[in-house]
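The structure appears right after this line, and notes come after that.
What follows draws every value from the coordinates through simple rules; no lab data is involved. Owing to the predicted nature of the structure, the values given are computational and were not obtained by experimental measurement. Neighbour counts run over all protein chains shown; Cβ positions are idealised from the backbone, glycine included.
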Amino acid sequence: MLDLALKGKPRYWIWISFLITMILIGFICWLREHHIGAAFTTGLSRDVSWGFHVGQLTFFVGVAASAVLVVLPYYFHNYKAFGRITVIGEFLAVGCVLIAMLSVFVIMGQPSRVWNVILHPTPHSIIFWDMFVLMTYLFLNLLCGWTILHAEKKDAPPPKWIKPFIYWAILWAPSIHTVTAFLYAGLPGKPHWMTALQAAHFLATAFAAGPSLLIIISMIIRKVSKFDPGQQAINKLAEIATYALIIHLFFIGLEFFTAFYSQIPDHMKSLIYLYWGLEGHDRLVPWMAISTLLAFTGLLIFMFPPLRKWNVTKLIGAICIFFSIWMDKGFAFVVSGFIPNSFDRVTEAWIALNEFLVAAGVWSVGALVITVLYKIAITVKEKAVFDKYGQKQVVD
Amino acid sequence: MITRRDFLKIAAFSSLLGLGGAFTINALEKEPGQKVLKDINALKGKRWAMVIDTRKFKTELDFEKVIKACHKAHNVPEIANPLHEVKWIWTDDYKHSFTHTAEEYISDEIKHRKFLLLCNHCENPPCVRVCPVKATFKRPDGITMQDMHRCIGCKFCMAGCPYGARSYNFLPPRDYIKEFNPEYPTRTLGVVEKCTFCNQRIDKGQLPYCVEASEGKIIFGDLYDPNSEIRKVLSENIVIRRKVELGTQPMVFYII
Ligand code: SF4
Ligand code: SF4
């Protein structure tokens, strides 16, 4: 099937070339960091030792896990509308897991020693488990997506042996994000991160951001190809995102209550820093203000059925939710965990240009893999004018 | 006794045979200060700990001597920018050393006193728990060791340590060493380092550099030995530790 990725319109090749260019730029920036040191190439410091890349890991593991939201209803509840996009969800997961794993890789000061993680397996370290669950999830999604698509191409039902793997992937999805939450939730002296709610909160944000991204992608697919992911599926995704977003905002409220009713200083300080600024340090305040504004805009659109159903506003809402959560989880959450620092002082962090370009390179790797897999999937799916779910596809 | 060179040789050889992990852990984690090094006059101890008598540190010079002795001997780079500096032992004031427990109405003298800070060699160290490659690990004598040759630079331990005791090499460290000591290895870009309680000296029967340079202001010894000097000092003075509430059980005590 891979040959299908080699035939495309000029705009397909322009996009591919763009991604490859970004990967090369990211790679050069990454080399630069290892040449001159992270002092000049990242926004990190002795006090804030994790930043943008670890944020990207956190965020994209979530998006990857959210593939379960289209796979589970289809396989467990026979929800037919998602039938066409299970493969889209699975392939999105593949790309996002790659982004997540590369985001961990690029934080390493000694990347050539990465094999030590396997040579000296250390089960008491959460990174060990993170690597294990992510690798497994990557494999499962690639396997399931590919096998189902292959069957679809031959106009046959998916082989029976794939079923256990599909169920395995479904059960595995929450685990990858739970383990990611455990990276944070078990560290003494980091009260902002150390909440039993962490994994649940991560899943809530993931289940809002993931479907939002799927909505955006579905709209793009619809524009650039003859394959239609289906209006019903897109509407359902918006509904799921709405509930997840509400749970996410509710959880933020819970964090506020615990911190401010208990009045324990360290629990309050990170939140004060994020939303109002602490001791004159307020670099993330506008960042969080935008994130909050986007969340409520998204909520307003998605809560109001006519706006949620109209595709233009739906797209705007999805973009708002996606970026709101990306800004929060993908950066602010990580940095604010280090504030105040171990000496009750505030050291701020920001994203250096070099760091951003490395991240852009990492996203591009994910995007490239997703593009190629989607190209194959869409070509296969375009051929079916009447698909097997009985709905007529949009044919122009 | 196994010298560092022998150790590296065996490690290199055994890793060729695919035994790297097993050897390194055994040799470093179980042996030094215990079996292999017991022959010569290695200091023997079950739980190394330190008491810093902060009353006795009076002048800038008192601190400087101690810090210099450590940093010079261990080739610690001198980086001026506090964001990216590397430090094994340093000072801070009362309020920032003892966050959470600092008393507001304590005497001005104590408020302005400086306190030596270093890795606490916690009995229950979160840094060891989180390291994915066992580059930081516990020796049976309580030292939290750091293997700069295995560290992958993930910085998880820096997030894990609640005491800010760990430094990442954000800059090429060799460019910032003023006086190079050929006896001790230098580090590379992208690894984490910290105080090791001078394990190399303990294993030779010597006291850590800072203890030696302090001329009696720092007491070092075996906490599990009821007859040790350190236990005597602890029983006769009121001491405090940093962030005991976290359950890490720091092994550095401060006489106020
Ligand atoms: S002080 Fe920090 S680095 Fe030292 S043992 Fe404790 S947790 Fe680890
Ligand atoms: S930075 Fe090095 S010592 Fe610290 S957790 Fe990572 S591998 Fe272990």
Phi-based couplings in Hz for the stretch A:17-27 (Karplus 6.51, -1.76, 1.60; Gly and Pro marked x): 5, 4, 5, 5, 4, 5, 5, 5, 4, x, 5
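Would you mind calculating the relative contact order of chain A from Cα pairs under 8 angstrom and at least 6 residues apart, reporting the percent as a whole number?
Working: 560 pairs, mean separation 117.9, N = 396.
Relative contact order, chain A: 30 percent.
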Between helix A:231-262 and chain A: long-axis angle, C-alpha atoms, 0 to 90°, nearest 10: 10
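How would you classify the stretch B:134-256 from its alpha-carbon gyration tensor, with a ≥ b ≥ c the square roots of the eigenvalues: rounded for a/c under 1.5, else prolate if a/b is greater than b/c, otherwise oblate?
prolate
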Ranked A:218, A:175, A:112, criterion: other C-beta atoms within 10 Å, fewest first: A:112, A:175, A:218
FRET efficiency for residue B:233 and residue B:123, using Cβ-Cβ distance with R0 set to 25 Å, rounded to 0.05: 0.85
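Quick one: of A:223/A:314; A:190/B:95; A:163/A:309; B:65/B:87, which pairs are farther than 22 Å apart, Cα to Cα? Walk me through the intermediate numbers first.
Details: A:223/A:314 15 Å; A:190/B:95 19 Å; A:163/A:309 33 Å; B:65/B:87 15 Å.
Exceeds cut-off: A:163/A:309.
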Shape call, chain A: gyration tensor on alpha carbons, a/c limit 1.5: prolate
Reach of residue A:375 by Cα under 16 Å, taken over aspartates and glutamates that are not fewer than 8 positions away in the same chain: A:3, A:90, A:152, A:228
Charged-residue dipole, Cβ positions (Lys, Arg, Asp, Glu), chain A about Cα centre, Debye nearest 20: 1440
Rounded to whole Hz, the Karplus (6.51, -1.76, 1.60) HN-Hα couplings of the stretch B:47-56, x for glycine and proline: 8, 5, 8, 9, 10, 9, 8, 5, 5, 7
Using θ = phi - 60° and Karplus 6.51 cos²θ - 1.76 cosθ + 1.60, couplings along the stretch A:60-74 (whole Hz; Gly, Pro as x): 6, 4, x, 4, 4, 5, 6, 4, 4, 5, 9, 6, 4, x, 5
The stretch A:292-310 and the stretch A:176-207: distance between their alpha carbon centers, rounded to Å: 27
222 nm mean residue ellipticity, helices alone, for the protein assembly as shown (DSSP H n ≥ 4; -39,500 (n - 2.57); rounded to 500): -17000 deg cm²/dmol
Residue order, fewest to most beta carbons within 10 Å, for B:201, B:242: B:201, B:242
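Restricting to the stretch B:48-255, what percent of DSSP beta bridges are antiparallel, rounded to 5?
Numbers: 17 of 21 bridges.
Percentage antiparallel, nearest 5: 80.
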Residues with amide H under 5 Å from that of residue B:253, placed H, sequence gap 5 or more: B:50, B:51, B:52
Relative exposure of A:261, A:374, A:79, judged by other C-beta atoms within 10 Å (fewest first): A:261, A:79, A:374
Between the stretch A:64-107 and the stretch A:139-172, the alpha-carbon center distance in angstrom: 12
Tilt relative to chain A, helix A:285-303 - C-alpha long axis, 0 to 90 degrees, to 10: 40
